[in-house]
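Asker: First, the structure itself, so that you have it in front of you.
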Amino acid sequence: MKGLIKKIFGGKKEAGPAVAELLGGLSEEYTVFSSMIYDNSEIGYVVFSRRQGLFVINTRKDKGEITYNGSHLLINKKPKSDPIKKALKDTFWLRATIKERTGIDVPITPLVIFENARVKVGGPIIGVNALESNNLIDTITQAPEKKALEDGVVMLLRELHGTYTINYISSV
């Protein structure tokens, strides 16, 4: 928890501004929630689309080249933290929370977005797409349609966002 508080209040520049700008350009068909915090973890963005389901989006600020060696995502040929594992953890938490609270099993697409790196990965890794930020909007808007989500899902997301988000005023 100490590290998360330091991240929020420490003034450290984090990944996400380019992704935030891109998501801000989505049509009214999409609802975007940012910085959903749960169990000492943070989901960068959750995007709700009644027709295309939910997208869990985590951003990374790594520079260089992103590849996959069959078992690990590599950043400049070296494994670092595991953004795929984190995206899956976030997805499982959100899916389980929605199922528990509404009884609805929602389709969720996990995405890891690299703002400053070239991604050379040939497809999803255990169901998670690793993408460059310039591919984000097409990935969301061109996703196949799924079973229409009920209003209760977006209402729960609003509640979770408020409950699990620490709001603060920046002194900058």
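Asker: Do we have residue 149 as over 25 Å from residue 74 (Cβ atoms), in contact with a Gly (Cβ under 7 Å, 6 or more places away or on another chain) and surrounded by 15 or more Cβ atoms within 10 Å (Cβ to Cβ) here? Break it down into steps so the answer makes sense when it comes.
Answerer: Working: over 25 Å from residue 74 (Cβ atoms): yes; in contact with a Gly (Cβ under 7 Å, 6 or more places away or on another chain): yes; surrounded by 15 or more Cβ atoms within 10 Å (Cβ to Cβ): yes.
Yes, satisfied.
Asker: Let me ask something else about it. Which condition number in (1) within 27 Å of residue 25 (Cβ to Cβ); (2) of a type in the set (Asp, Glu); (3) surrounded by fewer than 21 Cβ atoms within 10 Å (Cβ to Cβ) is the one that residue 90 fails?
Answerer: (3)
Each value in this text was obtained by applying a stated rule to the coordinates, not by laboratory testing. Bear in mind the structure is a predicted one, so any value in this text is a computation, not a measurement. So basically every Cβ, Gly included, is an ideal-geometry build from the backbone, and we count neighbours across all protein chains shown.
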